[in-house]
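First up is the structure itself, then whatever we jot down about it.
Read-outs: derived from the displayed coordinates by stated rules, not from any lab. Note that this is a predicted model, so its numbers are computed, not measured. Here Cβ is always computed from backbone atoms with ideal geometry, including for glycine, and neighbour counts include all displayed protein chains.
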Amino acid sequence: MHIDKHQITQHNEQLEVSHRRRFMRLADELPNAEQVIGRLVDFEVAIPSWALGTGGTRFGRFSGGGEPRNLEEKIADIGVLHALNRSSGAISLHIPWDIPEDYAAIRSLAQQNGLVFDAMNSNTFQDQPGQTLSYKFGSMQHVDKAVRKQAVEHNIEVIKHGIELGSKSLTVWLADGSSFPGQLNFRKAFQNTLESLQEVYEALPGDWKMFVEYKAFEPNFYSTTVGDWGQSLLYSNKLGDKAYTLVDLGHHLPNANIEQIVALLLMEGKLGGFHFNDSKYGDDDLTTGSVKPYQLFLIFNELVEGMDNRGMDHTNDLGWMIDASHNLKDPLEDLLQSVEAILIAYAQALLVDRVALVEAQAANDVVRAQELLQQAFRTDVRPLVAEARLRAGGALNPLQLFRELDVRGQLISERGTKTTATGL
Ligand code: AOS
Ligand code: ZN
Ligand code: ZN
């Protein structure tokens, strides 16, 4: 499966006239349309290798067919997304689900698809075939030093794969925690985890970052050893300059003020990046922006505020990634929707009149401040996002073209209907 330039051009020609009309009208009203478009063109969000297949739950899994059966096919899938939207030019691998057999071949395949390797992800939440010791009672927190050592060595192994592929970061998400009061000595669990993380940190190349991902609950339901941003920040501060906190939007207790967390982490220089998704209840891993688009906008508002004032570069400074996986939709269509939602929220945040906002805040003009945010959020920026994609060589309407070309049908005929992509 491969999308040709001329297929995109043809699609864009069909939509060009109506797009141009809507774009001109909007651009006319905005003081900074060109600046926003420039930022959108530069923006990339990485796609995780495990989001390309149907997720499933313990109650069942319904395969959609044509799912990637190996790393090569995962790269091809993301290549399709990137060809369509020009904003998905990075893949995030998971070890051991994506162990590359031939580094050079994988690197060149990624290059042909215009992709770079984003953060590497380790896995100490499942026992793998042939593994000597079990992670049933945790990995880096474990009471048995031998289990901790196994977890550390696995992470170092993951770094080695990443070095070969040109990745520059390791994301550590630990399922460690406890499900019953009394099961765990919290302080010992923290100390063990810190020591284990320190050993991994020492193996990190000088130009690498380590992202410590927190999660409030699941698979453990009484305590989680990296349970919130405070705990993650404690670890990253103790580890050193290369360690950062990673915010997965689905990993908070209900109604947490994620935008405030983001603002403070940025202020501390400790925001590593994001796992974008959305949820109603918990770690639902739904399409980004599908449930709480205003929250997504408010997060981007803090990012624009905190990063632009420091002149930070959106493309290189943060690990932007989607972390989604669910049962119902075509995973590729879902990812196109997520990327679009992220670009929309980013564009809206770039529309906020910051000078006026500072004035309103200084004057305690609460109504005006709120109006300024809502004015930006309620602007339909889709023509700006489409224009950015057009200029970057992508499709005006990626989802429509995906369907017109029957990408899924082609993938099914190449790969079959009974496919299972490894992933969560
Ligand atoms: C788990 O809930 C986390 O979101 C992880 O970031 C991720 O889904 C896992 O590490 C898959 O590799
Ligand atoms: Zn995540
Ligand atoms: Zn998660």
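Observations on the structure shown:
- Amide H contacts of Ala421 (H built 1.01 Å from N, under 5 Å, at least 5 apart or other chain): Thr54
- Listed residues Met267, Thr224, Val158: farthest to the positive end of the dipole of the chain (Cβ charges): Thr224
- Highest average first, the peptides 155-163, 75-83, 240-248 ordered by how many other beta carbon atoms sit within 10 Å of their residues are 75-83, 240-248, 155-163.
- D (Stokes-Einstein, µm²/s), Kirkwood Cα radius, the chain, 0.890 mPa s at 25 °C: 110 µm²/s
- For Gln14 and Arg354, the difference between the fully extended length at 0.36 nm per residue and the C-alpha to C-alpha distance is 118.7 nm.
- Within a Gaussian network of the chain (alpha carbon springs, distance under 10 Å), most fluctuating of Asn32, Asn70, Asn277: Asn32
- Column: log10 I(q)/I(0), Debye, Cα scatterers of the range 221-295, q = 0.25 Å⁻¹: -1.21
- When the Cα gyration tensor is reduced to axis lengths a ≥ b ≥ c, the ratio a/c is 1.5 or higher for the range 169-321, and with a/b not above b/c it is classed as oblate.
- Charge sum, other residues only, whose C-beta stays under 15 Å from Ala146's C-beta, Lys/Arg counted +1 and Asp/Glu -1: -1
- Placing R0 at 51 angstrom, the Cβ-Cβ distance between Asp284 and Ser108 gives a FRET efficiency of 0.90 after rounding to 0.05.
- Amide proton proximity set for Ala90, modelled H, under 5 Å, gap of 5+: Ile47, Val116
- For the listed peptides 287-295, 125-133, 97-105, a ranking on the average number of other beta carbons within 10 Å per residue, highest first, reads 287-295, 97-105, 125-133.
- The chain: calculated mean residue ellipticity at 222 nm from DSSP helix runs of at least 4, using -39500 (n - 2.57): -15000 deg cm²/dmol
- Under the membrane-span-like helix rule (DSSP H runs whose alpha carbons stretch at least 20 Å along the helix axis, mean Kyte-Doolittle hydropathy 0.5 or higher), the chain yields 331-351.
- Sum of side-chain charges, Asp77 neighbourhood, beta-carbon under 13 Å (Lys, Arg +1; Asp, Glu -1): -4
- When peptides 228-239, 358-369, 9-20 are sorted by average Cβ neighbour count within 10 Å, with the highest value leading, the order is 228-239, 9-20, 358-369.
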